[in-house]
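Participant: Mind looking over this structure? Questions follow.
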Amino acid sequence: MRIFLTGSAGFIGMHLARRLLGSGHQVFGYDGLTSYYDVRLKRERLAQLEPLPGFFAGTGLLEDQPTLAAAYREAAPEIVIHLAAQAGVRNPLSMQRTYLDANLTGTFNLLELCREAPPRHLLFASSSSVYGQTDGSPSRETDKTDRPISLYAATKKSGEAMTYSYAHLFGLPVTALRFFTVYGPWGRPDMALFKFVDAIENDRPITLFGEGRMQRDFTYIDDNIDAVAALVDLVPKRNEGAAPWRVLNIAGGQPVPLMRFISAIEAATGKRALIDHQPMQPGDVGSTSADATALQALTGRIPTIPVEEGITRFVAWYREWTKTRGS
Ligand SMILES: NC(=O)c1ccc[n+]([C@@H]2O[C@H](COP(=O)([O-])OP(=O)(O)OC[C@H]3O[C@@H](n4cnc5c(N)ncnc54)[C@H](O)[C@@H]3O)[C@@H](O)[C@H]2O)c1
């Protein structure tokens, strides 16, 4: 199938593109290569994809409507997977507008193109952050999500709402994917695993917020893309007048305390972590934990790779990657 994939130079996008290409699909990537983190890493990810048959790289911002429209029309997609976004909850306050430009205007631009030339299915990357501050019990898709504690979360919630309205008004089939802390090789340098391993390998202290009491429902990248790839063909139907729209937690429902995560990094690197304790940051939630029942019911499987194994694979990749790029 012809798949239009935004965020193709990103962490999840690159892995997903590789998986889809391996299954014989054509992937039309689109990415603005934004400078939120090291653009060199994004180019390196793209270099993994470019030699693969069936991959077409498009460059542009989501909010640059003419460029996006030209790429979309050329792709004439049957499936659209919308991962590109301003990610992360700790962006400096001076950069708040990028959430609106990428996540609101950008998503609107893409939805308008989907209205003009509808794909069979739009899959949209949302986030566990829409659940806001929870009591630590597993979050279900039916829980209230009207108290976002970061602008990032507010724009992800808005993205879900916008896609719902297009499903309702125009019959566009949509699956909104609530990703939970995805980690693995080629991961994001702004996320905990990359930062911690980088610091420990270079004998620098790691900064731990909230006295390490946080827990996260970590999802190894292979598990994440297994779920997304399985969902591509599971198109929601209009049912008794209800919009063809669904939202799903993409996680295994096995939250891991941060201290176990750090112990696993120490074991994988063979080094002790020097810890600098800092108070919780304003946009951070204390705990994320998914109820994965709906994902299990729909796809027959949920993420299972334990953090110890995922971290070992990340460290192996990190060491190889730093060696080849000489930094
Ligand atoms: N990684 C996680 O743990 C996680 C958790 C929850 C949700 N998500 C969501 O999943 C998606 C993919 O996340 P990721 O970890 O791969 O992030 P990423 O930052 O590595 O990838 C996003 C890509 O989008 C591109 N992009 C950003 N703004 C753009 C714009 N305005 N126009 C065009 N391209 C733009 C970036 O250049 C980047 O390559 C995002 O929507 C993110 O919010 C990720």
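The values are calculated or read from the model by the stated rules, or taken from the named source; none is laboratory data. Because the structure is a prediction, the values reported are computed rather than measured. Counting neighbours? That spans all protein chains shown, and the Cβs are built from the backbone with ideal geometry, glycine included.
Participant: If you take just the helices (runs of 4 or more DSSP H) that sit entirely in segment 208-327, which of them hold at least 2 residues that are touching a helix residue (DSSP H, G or I) at 6+ places or on another chain (Cβ under 6 Å) and free of Cβ contacts under 8 Å to residues at least 60 places away in the same chain?
Facilitator: So the answer is 258-269, 307-325.
Participant: Continuing with this model, one more query. Just checking, does segment 166-178 include any residue being in a loop (DSSP other than H, G, I, E, B), out of contact with any Leu (no Cβ under 6 Å at 6 or more places or on another chain), modelled with pLDDT of 95 or more and more than 29 Å from Val80 (Cα to Cα)?
Facilitator: Checking segment 166-178: not a single residue is in a loop (DSSP other than H, G, I, E, B), out of contact with any Leu (no Cβ under 6 Å at 6 or more places or on another chain), modelled with pLDDT of 95 or more and more than 29 Å from Val80 (Cα to Cα).
Participant: I'm told Lys156 meets every condition in (1) charged (D, E, K, R); (2) under 30 Å from Glu309 (Cβ atoms); (3) in a loop (DSSP other than H, G, I, E, B) except one. Can you identify the failing condition by its number?
Facilitator: Lys156 satisfies all of (1) charged (D, E, K, R); (2) under 30 Å from Glu309 (Cβ atoms); (3) in a loop (DSSP other than H, G, I, E, B) except (3).
Participant: Another one. Looking only at segment 51-101, how many residues end up being over 21 Å from the mean Cα position of the chain (by Cα), within 10 Å of the ligand (Cβ to nearest atom) and not polar (S, T, N, Q)?
Facilitator: Here the count works out to 1.
Participant: Out of segment 1-50, which residues are within 12 Å of the ligand (Cβ to nearest atom), touching a residue at least 60 places away in the same chain (Cβ under 8 Å) and β-branched (Val, Ile, Thr)?
Facilitator: Within segment 1-50, Thr6, Ile12, Thr34 meet the criteria.
Participant: Could you please give the count of residues in segment 102-127 that are closer than 18 Å to Leu169 by Cα, under 17 Å from the mean Cα position of the chain (by Cα) and either in a strand (DSSP E or B) or free of Cβ contacts under 8 Å to residues at least 12 places away in the same chain (or both)?
Facilitator: Qualifying residue count, segment 102-127: 3.
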